[in-house]
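In what follows, a structure is listed as structure tokens, so that the remarks can point back to it.
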């Protein structure tokens, strides 16, 4: 399997059968081989601002971001099974620490990012010797295929093997000369593990710092988020168009998940008529408007899209509410540029509604999108209050749902834009703000 193989498996690229089709949807193609997801130059700058010698990462999303490796076994337990150490010194490699079997049957198939060194626990399923290679024993029936040769070559480069994952993490810190450093940790689990394996190191909370680092996207990230957004939008439109074919809210959400899977995405979230609970249901009625807010991911990067669906002809009040929300979003889009603050984005929307002499209220809630739906820090690097400023390379959403009840439905409009050097650009196709079915 080549280095993009893990994405084909993880994003369900061949799941078009969910819609009964024998062929893969034309847009359900796995990505080209990726470069590094981590913006290491930005990471080093932020670590130095925070007075850190390194980051010790145990959150699966952060480990993936730092190494390009997918820690699949972390899904089997509440304990994380793979870690990453990112030194503030650019001359030192990033360490990827994991169970030997996970590396043998997972990460070695897709390739780590450049300048990432694996530290592995040995033994496991393959041997009772904790230092032995995790590779399955050869019994001589057939020659190794290309995948098995690649796996064994990767293991040879990763040797020697430690007796446990915690021992491998300790060895990584020793090799990187960080056993007495000031280290940022992104989870409470990571903080406890660091105390165990490096008792002379000092730890600092760093989950919010990771969001500062992830805020500006690398070219590899943009490749994934553009595909995620495009697939998500097309799946949302297809699901909305099928509103009369399905029976209510629960079935429409499932239809979106199917449409997303057929295009290579995995469903994450679906709010329909402001119903977020996946255990709830509800029917649609003639003349009603209902909002859709759909999120799905591709290569773990998320798309986010919102529109209003009219079940038949919308009544005049609802049509006015929809149109004002669309107008306000367009006014915000025209003004998005580096240096604009989140609070100013909200104010632009409110001023637009007021200028239109409307009594409606909307959220106008900006947020960055990436490996999470709200993928931005809440505090500044020193831990103080933060009114986030737009930077080139950010992926931005502005949620514009109506915040009024008793108006014969719900409305919403939401797109994803990339902040560039002078303004912003849409990263997916544009659609009308109102979809009538």
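Considering the stretch 249-273 alone, what residues qualify as being buried (at least 24 other Cβ atoms within 10 Å of the Cβ), over 21 Å from residue 411 (Cβ atoms) and without any contact (Cβ under 8 Å) to a residue 60 or more places away in the chain?
260
Do we find a residue being closer than 12 Å to residue 98 by Cβ, buried (at least 19 other Cβ atoms within 10 Å of the Cβ) and touching a residue at least 24 places away in the same chain (Cβ under 8 Å) anywhere in the stretch 133-143?
yes
Of everything in the stretch 144-158 that's touching a helix residue (DSSP H, G or I) at 6+ places or on another chain (Cβ under 8 Å) and over 19 Å from residue 82 (Cβ atoms), which residue is surrounded by the most Cβ atoms within 10 Å (Cβ to Cβ)?
In this case the residue turns out to be 150.
Please find, among 414, 344, 425, the residue that is surrounded by fewer than 19 Cβ atoms within 10 Å (Cβ to Cβ) and closer than 23 Å to residue 225 by Cα.
That would be 425, the only listed residue that is surrounded by fewer than 19 Cβ atoms within 10 Å (Cβ to Cβ) and closer than 23 Å to residue 225 by Cα.
Within the stretch 182-206, count every residue that is assigned to a loop (DSSP other than H, G, I, E, B), touching a residue at least 24 places away in the same chain (Cβ under 8 Å) and surrounded by fewer than 20 Cβ atoms within 10 Å (Cβ to Cβ).
Adding up the residues that qualify gives 2.
When residue 178 is evaluated against the numbered criteria (1) under 24 Å from residue 38 (Cβ atoms); (2) assigned to a loop (DSSP other than H, G, I, E, B); (3) out of contact with any strand residue (DSSP E or B) (no Cβ under 9 Å at 6 or more places or on another chain), which criterion, by number, is the only one it fails?
Here residue 178 clears every test but (3).
Could you give every pair whose Cβ atoms fall below 6 Å, whose first residue belongs to the stretch 54-66 and is free of Cβ contacts under 8 Å to residues at least 60 places away in the same chain, and whose second residue is assigned to a helix (DSSP H, G or I), counting only separations of at least 6 or pairs across chains?
So the pair list comes out as 60/74.
In the stretch 274-310, what count of residues is obtained for those that are closer than 16 Å to residue 242 by Cβ and surrounded by fewer than 20 Cβ atoms within 10 Å (Cβ to Cβ)?
Residues meeting the conditions: 1.
Specify which of the listed residues (235, 240, 229) is part of a helix (DSSP H, G or I), touching a residue at least 12 places away in the same chain (Cβ under 8 Å) and under 13 Å from the mean Cα position of the chain (by Cα).
None of the others qualify; the one that does is 229.
Check residue 320 against each of (1) out of contact with any strand residue (DSSP E or B) (no Cβ under 6 Å at 6 or more places or on another chain); (2) under 30 Å from residue 218 (Cβ atoms) and name the one condition it does not meet.
(2)
Out of (1) farther than 17 Å from residue 168 by Cβ; (2) touching a strand residue (DSSP E or B) at 6+ places or on another chain (Cβ under 7 Å); (3) at pLDDT 95 or above, what's the single condition that is false for residue 120?
Failed condition: (1).
Do we find a residue being assigned to a helix (DSSP H, G or I), touching a strand residue (DSSP E or B) at 6+ places or on another chain (Cβ under 8 Å), surrounded by 17 or more Cβ atoms within 10 Å (Cβ to Cβ) and outside the structural domain of residue 50 (by TED's automatic domain parsing) anywhere in the stretch 353-365?
Checking the stretch 353-365: at least one residue is assigned to a helix (DSSP H, G or I), touching a strand residue (DSSP E or B) at 6+ places or on another chain (Cβ under 8 Å), surrounded by 17 or more Cβ atoms within 10 Å (Cβ to Cβ) and outside the structural domain of residue 50 (by TED's automatic domain parsing).
Enumerate the strands (runs of 3 or more DSSP E) found wholly within the stretch 64-132, keeping only those where 3 or more residues are crowded, with 24+ Cβ neighbours inside 10 Å, at negative phi and under 24 Å from the mean Cα position of the chain (by Cα).
82-87, 94-99
Hey, can you tell me all the residues within the stretch 295-317 that are touching a residue at least 24 places away in the same chain (Cβ under 8 Å), out of contact with any strand residue (DSSP E or B) (no Cβ under 9 Å at 6 or more places or on another chain) and under 19 Å from residue 401 (Cα atoms)?
Of everything in the stretch 295-317, just one residue is touching a residue at least 24 places away in the same chain (Cβ under 8 Å), out of contact with any strand residue (DSSP E or B) (no Cβ under 9 Å at 6 or more places or on another chain) and under 19 Å from residue 401 (Cα atoms), namely 317.
The values are calculated or read from the model by the stated rules, or taken from the named source; none is laboratory data. Quantities reported herein were computed from a predicted structural model and do not represent experimental measurements. As a convention, Cβ positions derive from the backbone with ideal geometry for all residues, glycine included, and neighbour counts pool all protein chains shown.
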